[in-house]
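First up is the structure itself, then whatever we jot down about it.
The values are calculated or read from the model by the stated rules, or taken from the named source; none is laboratory data. Note that the coordinates shown come from a computational prediction; the quantities given were computed from them, not determined experimentally. A quick note on method: Cβ atoms are made from the backbone with ideal geometry, for glycine too, and the neighbour counts reach across all protein chains shown.
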Amino acid sequence: MPDIKMSFAMTPYDRVIPLINGEVKPDGIELEYVGMPGAVPRVFYEQIKFQRYDISEMSMSSYLRLRSIEWPYRMLPVFHNRNFSYTFIHIRLGSGIRQDHPEDLKGKRIGIGDYQQSLGLWTRGILQMEFDIKPEDMVWYQERGEHFSHTGASREAGMALPSKVQLNYANTDLGSMYLNGELDANAGIGFGMGLVRNSGIDREHVGVSDNPDIVTLFPDPRRESIRFFNKTGIYPPHHTTAVRESILDRHPWVAISLMEAFEESKRIANDRIHRMPPSLMVFGEQYLREIEEIFGADPFKYGIKANAKALDMAQTFSVEQELTERKQPFDEIFPQEVIIREERQS
């Protein structure tokens, strides 16, 4: 029987590279890796609107939202881009928001790439759970367009925006708005990253580390992230893996073959980084030991049971934020064979 050909769009994460370069091959499947055309915004948009790829990286938030209206993909419990996004919030001290005072965000203008994106889901959810700050307590400005975005594509699919939230579509980039004093805070500036400010045709990258008025909401984001992890045991998964449901219906074994391939790819990557940490990481070995002390041997666990608590929290946040109407049972989300596989392994 010839291999099944499946198009495959995904960021080349270190844990996935052995699968991308062919070192690991899923049994009975020929992957046609296409890269990540247009990066996250475009791939996710085109998956929501056109279902372009057989297998793809996918926003956790958008997956939960679209699956509730029978979007034709099942989720593999293979998660990417985990992070503590709420600790990425940067503030302008001139706006009156004080460091280490999340309550000061109430009534403020906050920028975000895409309201529906997982960064937003987790940031808003944790702010409410930990600090009693609701999404409607702030005024939101979305940088991505009203139509070319997760939020826009979902609206075209018939999903309304949350009723209580004041969401505006930015007329320019958030970098310009933020540095011009039109925003008070910004969700999503990563550690060591800068703002991007448009200047005619050019895009000017503006650093934040040397601007005394732009600081992180939490003075020590790392410490706050570890506090949350120690309290909840959750390293929030932002992106998941979506597989076309019609292929799984015809060939249910595909789900297991893909799971085994993703697991083997991660095992190889993990083994390599421990045998030879990247030379650019000056204290690489010490850093890896520190990560293991905090998160255990595998911070990027795959599987339903290993991520059940995080999945339940993500669904709770999605319902609280009016992105979905209810929590969906796992048999509506995951391929049946993946559920059966975990039963066999228990």
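Residues of region 165-178 being at pLDDT below 90 and not small (G, A, S), which ones? Let's see the steps before the verdict.
As a first pass, look at region 165-178 and keep what is at pLDDT below 90: 171-178.
Once the filter is applied, which keeps residues that are at pLDDT below 90 and not small (G, A, S), region 165-178 yields N171, T172, D173, L174, M177, Y178.
Which condition breaks for V208 when tested against (1) modelled with pLDDT under 95; (2) over 24 Å from the mean Cα position of the chain (by Cα)?
(2)
Against the condition modelled with pLDDT of 85 or more, over 25 Å from L64 (Cβ atoms) and part of a loop (DSSP other than H, G, I, E, B), how does G181 come out, does it pass?
Numbers: modelled with pLDDT of 85 or more: yes; over 25 Å from L64 (Cβ atoms): yes; part of a loop (DSSP other than H, G, I, E, B): yes.
Yes.
Checking the conditions here, which among E70, E103, E136, E146 is free of Cβ contacts under 8 Å to residues at least 40 places away in the same chain and in the same structural domain as E322 (by TED's automatic domain parsing)? Even if it seems obvious, please write down each step before you answer.
Numbers: E103 fails: in the same structural domain as E322 (by TED's automatic domain parsing); E136 fails: in the same structural domain as E322 (by TED's automatic domain parsing); E146 fails: in the same structural domain as E322 (by TED's automatic domain parsing).
Just one listed residue meets the conditions, E70.
Please go through region 292-318 and pick out each residue that is under 19 Å from R222 (Cα atoms) and either surrounded by 12 or more Cβ atoms within 10 Å (Cβ to Cβ) or of a type in the set (D, E, K, R) (or both).
Correct list: E292, E293, I294, F295, D298, P299, F300.
Testing L76 on (1) in contact with a helix residue (DSSP H, G or I) (Cβ under 7 Å, 6 or more places away or on another chain); (2) in a helix (DSSP H, G or I); (3) farther than 22 Å from G38 by Cα, one condition comes back false. Which one is that?
So the condition that L76 fails would be (2).
For region 79-109, which positions are small (G, A, S) and not in a helix (DSSP H, G or I)? If you could, list the steps in order and put the result at the bottom.
Within region 79-109, the subset small (G, A, S) is 85, 94-96, 107.
If the condition is that a residue be small (G, A, S) and not in a helix (DSSP H, G or I), then G96, G107 are the ones that fit.
Among (1) within 30 Å of K231 (Cα to Cα); (2) in contact with a Ser or Thr (Cβ under 7 Å, 6 or more places away or on another chain), which single condition is I48 missing?
It fails just one condition, (1).
Taking the criterion of being small (G, A, S), surrounded by 14 or more Cβ atoms within 10 Å (Cβ to Cβ) and under 22 Å from the mean Cα position of the chain (by Cα), would at least one residue in region 125-139 satisfy it? Break it down stepwise before answering.
So in region 125-139, the residues small (G, A, S) come out as 125.
After this cut, where a residue has to be surrounded by 14 or more Cβ atoms within 10 Å (Cβ to Cβ) as well, the list is 125.
Filter again for under 22 Å from the mean Cα position of the chain (by Cα), leaving 125.
Among the residues of region 125-139, at least one is small (G, A, S), surrounded by 14 or more Cβ atoms within 10 Å (Cβ to Cβ) and under 22 Å from the mean Cα position of the chain (by Cα), which makes the answer yes.
Out of the residues in region 11-21 that are β-branched (V, I, T) and not in a loop (DSSP other than H, G, I, E, B), state the one that is surrounded by the most Cβ atoms within 10 Å (Cβ to Cβ). Can you show your working first?
Pass one, region 11-21, residues β-branched (V, I, T): 11, 16-17, 20.
So of that shortlist, the ones also not in a loop (DSSP other than H, G, I, E, B) come out as 17, 20.
Numbers: I17: 15, I20: 17.
Once the filter is applied, the top-ranked residue is I20.
Can you list the helices (runs of 4 or more DSSP H) found entirely within region 272-346 that contain at least 3 residues being under 25 Å from L248 (Cα atoms) and at pLDDT 95 or above?
Because the criterion is at least 3 residues that are under 25 Å from L248 (Cα atoms) and at pLDDT 95 or above, the helices (runs of 4 or more DSSP H) in region 272-346 that meet it are 308-320, 336-345.
Here is a list: F50, F79, F44. Which entry is crowded, with 24+ Cβ neighbours inside 10 Å and farther than 30 Å from D184 by Cα?
On the way: F50 fails: crowded, with 24+ Cβ neighbours inside 10 Å; F44 fails: farther than 30 Å from D184 by Cα.
Result: F79 is the single residue among F50, F79, F44 that is crowded, with 24+ Cβ neighbours inside 10 Å and farther than 30 Å from D184 by Cα.
If Y86 satisfies all but one of (1) in contact with a helix residue (DSSP H, G or I) (Cβ under 7 Å, 6 or more places away or on another chain); (2) over 28 Å from F228 (Cα atoms); (3) surrounded by 23 or more Cβ atoms within 10 Å (Cβ to Cβ), what's the number of the condition it fails?
Condition not satisfied by Y86: (2).
Within region 22-51, take every residue that is assigned to a loop (DSSP other than H, G, I, E, B) and within 24 Å of Q116 (Cα to Cα) and give me the one that is farthest from the chain's Cα centre (by Cα).
Q51
Is at least one residue of region 85-95 without any contact (Cβ under 8 Å) to a residue 12 or more places away in the chain and not assigned by TED's automatic domain parsing to the domain that holds R15? Working first, answer last.
First pass over region 85-95, keeping only residues without any contact (Cβ under 8 Å) to a residue 12 or more places away in the chain: none.
No: region 85-95 contains no residue that is without any contact (Cβ under 8 Å) to a residue 12 or more places away in the chain and not assigned by TED's automatic domain parsing to the domain that holds R15.
Determine, yes or no, whether I268 is closer than 29 Å to A242 by Cβ and touching a strand residue (DSSP E or B) at 6+ places or on another chain (Cβ under 6 Å). Let's see the steps before the verdict.
Numbers: closer than 29 Å to A242 by Cβ: yes; touching a strand residue (DSSP E or B) at 6+ places or on another chain (Cβ under 6 Å): no.
So I268 does not fit the description; no.
With the structure loaded, tell me whether D220 is modelled with pLDDT of 75 or more, crowded, with 19+ Cβ neighbours inside 10 Å and acidic (D, E) or whether it fails that test.
On the way: modelled with pLDDT of 75 or more: yes; crowded, with 19+ Cβ neighbours inside 10 Å: no; acidic (D, E): yes.
Answer is no for this residue.
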